[in-house]
1. Count charges around Asp298 for me, please; just the other residues with Cβ under 13 Å from its Cβ, Lys/Arg as +1, Asp/Glu as -1.
2. In terms of Cα to Cα distance under 18 Å, which aspartates and glutamates are near enough to Lys302, apart from those fewer than 8 places away along the same chain?
3. Heavy-atom accessible area per residue, region 301-356, 1.4 Å probe: how many Å²?
4. Given a 1.4 Å probe and the protein chains all in place, what does the accessible area of Leu309 round to, in Å² to the nearest 10?
5. Sort Arg245, Arg184 by accessible area with a 1.4 Å probe, largest first.
6. Given 10 Å bins starting at zero, what is the percent of C-alpha pairs of region 61-155 in each, up to the one with the largest pair distance?
7. Once R0 is set to 22 Å, what does the formula 1/(1 + (r/R0)^6) return for the Cβ-Cβ distance between Arg35 and Ser109, expressed as a FRET efficiency to the nearest 0.05?
8. How much FRET efficiency would the formula 1/(1 + (r/R0)^6) give for Ser69 and Asn170, where r is the Cβ-Cβ distance and R0 is 45 Å, rounded to 0.05?
Amino acid sequence: MKRKGLFLLIGLALGGVGAVHAQESADAGNGYDGRWYVAPTVGGYYNDTDRNTNSRQAYYGLGVGKFISNNASIDIFADRTKRDNDANGHWSSNSYGVAARFYAGAWDSWRPYLLAGVMGAYHHNPEDKGWAPAAELGVGVSKTITDSSDFRVEAGYRYDWDDKTIRSENGYGDWFLGFSIVSRFGEPPAAPAPAVAPAPAAPDCSTLDSDGDGVNDCDDKCPATPAGTIVGPDGCPQKVVIDLRGVNFKFDRPKKGETNIGPTLQEPTSESLGVLDQAVDTLQRYPTVKVTVAGYTDSVGKDAYNQGLSERRAKIVFDYLTAHGIGADRLEGPIGHGENNPIDTNDTAEGRARNRRTELQVQQ
């Protein structure tokens, strides 16, 4: 028995620390009853065989303590046991120490806990007497009975390094089982006052958008902008270029007379058509917006040829928009700009591919 039992309970305590801390985090902020309490205890020992006393003895004690958090309490305690010694009469032990208990669960439920304590013990028999250190580990369960009292039962292992009043010089260990009624002093803590919702703050200009243009009234320098107008960060009408980024044409396409836009677009064609469809959706959501359809080329080829190629690119996009429900009266052009106004270098294949493009230039 002896130290093996102590090591076993140490393992249980270490294994349960994570669960206890997790529960403390879950209950944080719920408050706890921090009143002082007394806890008279009665129970029994199952004695170590290193002592020549009866194997089972009663003990009694008294603890004084308080909860220091929702899930932890500290007790100062004293207890006493008196046993019949097989060899020379009576043997007694008085212990004085401190014990900590770590609980899991809510206050109004059965709460399992871990117990750890240290103490000094004074031993006496007809031949020898003296002090020795001792320590204990255990487990228990507690249940609230009223708002000022709890019932708890616990079991554990106490190891005593007494080398004076027993025949062994290495100390001994006892298993114990105890029952306590915990009684708290004073009035229970008042329940926390219910939270009162703050009065709603009066709306200010930073939360208002009177003309519905997406710019709050504080920052809107053009507060009466008509609905559907594209505006800048200041709320004023803005000239926007929709460059249809991602809609680029294959080299030297479309050819003269080519009207199907799909084969003329740089791969992947589906992504380019998706960008065009987004432009259609934007124009449908802003029915007052008008755009100029302008086409561009890279710098490969003669100026005159590139001018015609840019016009064909603008025309094939112009026709795509009208075929998808955008009125021709909202489209200016098609206009070709040849190789003018490149958006990338013409010295690389990638740059030239981005310059083979069409733009939608929004007019207010």
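The values are calculated or read from the model by the stated rules, or taken from the named source; none is laboratory data. Please read all numbers here as calculations on a predicted model, not as lab measurements. Cβ: placed from backbone, ideal geometry, glycine included. Neighbour counts: every protein chain shown. In case anyone asks, the SASA skips ligands and DNA or RNA and just uses the protein heavy atoms, side chains included. Shrake-Rupley method; radii C 1.70, N 1.55, O 1.52, S 1.80 Å.
1. Working: positive: Lys250, Arg253, Lys302, Arg313, Arg352, Arg354, Arg356, Arg357; negative: Asp252, Asp303, Glu339, Asp344, Asp347, Glu350.
For residues surrounding Asp298, the net value is +2.
2. Asp252, Glu311, Glu339, Asp347
3. Working: 2890 Å² over 56 residues.
Dividing the accessible area of region 301-356 by its residue count gives 52 Å².
4. The accessible area of Leu309 comes to roughly 10 Å².
5. Values: Arg245 155, Arg184 25 Å².
Putting Arg245, Arg184 in descending order of accessible area: Arg245, Arg184.
6. Distribution as computed: 15, 40, 25, 15, 5, 0 percent.
7. Numbers: r = 20 Å, r/R0 = 0.90.
My answer for the efficiency is 0.65.
8. Working: r = 37 Å, r/R0 = 0.83.
Once the sixth-power term is evaluated, E becomes 0.75.
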